Amino acid sequence: MTDQTPYQGPNRVFSGVQPSGALHLGNYLGALKKFVDLQDEMECVYAIVDLHAITVWQDPKQLAVQTREIAAAFLASGVDPKKAIVYNQSAVRAHTELAWYFNCVARTGWVNRMTQFKDKAGKNAEKASVGLYTYPVLQAADILAFKGTHVPVGEDQKQHLELSRDIATKFNHDFGVDFFPLPEPLIKGAGARVMSLRDGTAKMSKSDPSDNSRINLTDNADTISKKIRKAKTDGGMMPETMEELEGRPEVKNLVGIYAALSERSDADIVAEYAGQGFGVFKPALADLAVETLAPITELMNRYLAAPDELDRILSNAADQASEIADPIVADVRRIIGFSGA
């Protein structure tokens, strides 16, 4: 077995977003806003994971458009290419090469336990692509190709991060090295789980057939305002205490959105609007959402109107990402024992 000096590099954040539809308020509060904050705290690598997107069929022309839309959303939200790397995953070959090595390290029992495949494939599991089955292994390669130490995750991704840690541990053990770090989950602040405007028990989703269930980052000010004013609530008034908020999922969701947009606590919002009607609260929330999102939408549209500039930014970032990942994967080749590596 080959000896290897333990990784001594900086803390590095890795995260990825699929280009499989328009981003919405939940993505902004749960991910993009936090990505902006993180770029001033650690070294950050953010991938538009187009390789993950093709685990189900994608229209090639639409995939390219959606990749640019995600890039525009990152940049418009405040992610600075001078501080963080934002690139499309398929442009960095280290992802797919390391994924194959990890396919040979991971055990089938580990992948069989991944619940998201069962959720996504449903009754048609035998017709699903092999890529959909093994994409958690690709996720591990995404993170560890950069020796990522921290990964912003929601509840639905914790299992996949555990798989990444298991793969890193087994690789290190099998080859007698202390090479890959064990990535840690990074959960910061409120707003990580924004629910549907039509159903407070369901997560806001770009796949929901009702466009009124979400606020898209491309919505204009009038559309944002109308969606919030039409958002489902109950027949009561605004709660007077946090205890009264429990059991009222739609109201709790709107309070949480207001709190996250204003960077205040849910308790602050409840205290400010205690006992008032939704005719007072909803317009205030609508104004706040428009104030926050309108500049992002405007900047997104400017980026999308200049696709060549977006492609240039992505290409430069892919070069930066490769400069980090290629030497790491080259070391993996040597550790495995490939001749000429």
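Details
- Among R193, R312, R12, the residue with the largest mean-square fluctuation in a Gaussian network model of the chain, with springs joining Cα atoms closer than 10 Å, is R312.
- Alpha-carbon Rg/Rh ratio, for the chain, with Rh computed the Kirkwood way: 1.00
- The mean accessible area for residues of region 191-341, using a 1.4 Å probe and ignoring ligands and nucleic acids, is 49 Å² per residue.
- Solvent exposure of region 60-183, expressed per residue, is 45 Å² of accessible area, with all protein chains present and a 1.4 angstrom probe.
- Ordering Y28, G256, A99 by Cα displacement along the dipole of the chain toward the positive end leaves A99 in first place; charges were set at the Cβ atoms of Lys, Arg (+1) and Asp, Glu (-1).
- Proximal charge balance of D308 [Cβ under 14 Å; K/R count +1, D/E count -1]: +1
- Carbon + sulfur, % of accessible area of region 90-224 - ligands and nucleic acids excluded, 1.4 Å: 51
- The chain - share of DSSP beta bridges that are antiparallel (%, nearest 5): 10
- Listed peptides 162-169, 25-32, 317-324, 200-207 appear in the order 25-32, 162-169, 317-324, 200-207 once ranked by packing, highest mean of other Cβ atoms within 10 Å at the front.
- Between region 9-68 and region 93-170, the alpha-carbon center distance in angstrom: 17
- Prolate/oblate/rounded label for region 1-127 (Cα gyration tensor, a/c 1.5): oblate
- Cα shape, region 145-276, gyration tensor, a/c 1.5 rule: prolate
- Each peptide in 293-302, 15-24, 125-134 receives the mean, over its residues, of other Cβ atoms within 10 Å, and ordering these scores from highest gives 15-24, 293-302, 125-134.
- Carbon and sulfur %, accessible surface of region 236-287 computed with the full protein complex present, 1.4 Å: 51
The values are calculated or read from the model by the stated rules, or taken from the named source; none is laboratory data. This one's a predicted model, so the numbers in the text were calculated from it and none came from an experiment. Cβ coordinates were reconstructed from backbone atoms using ideal geometry, including for glycine residues, and neighbour counts include every protein chain displayed. For the accessible areas, the whole protein counts, side chains as well, though only heavy atoms, and no ligand, DNA or RNA atoms are used. Shrake-Rupley method; radii C 1.70, N 1.55, O 1.52, S 1.80 Å.
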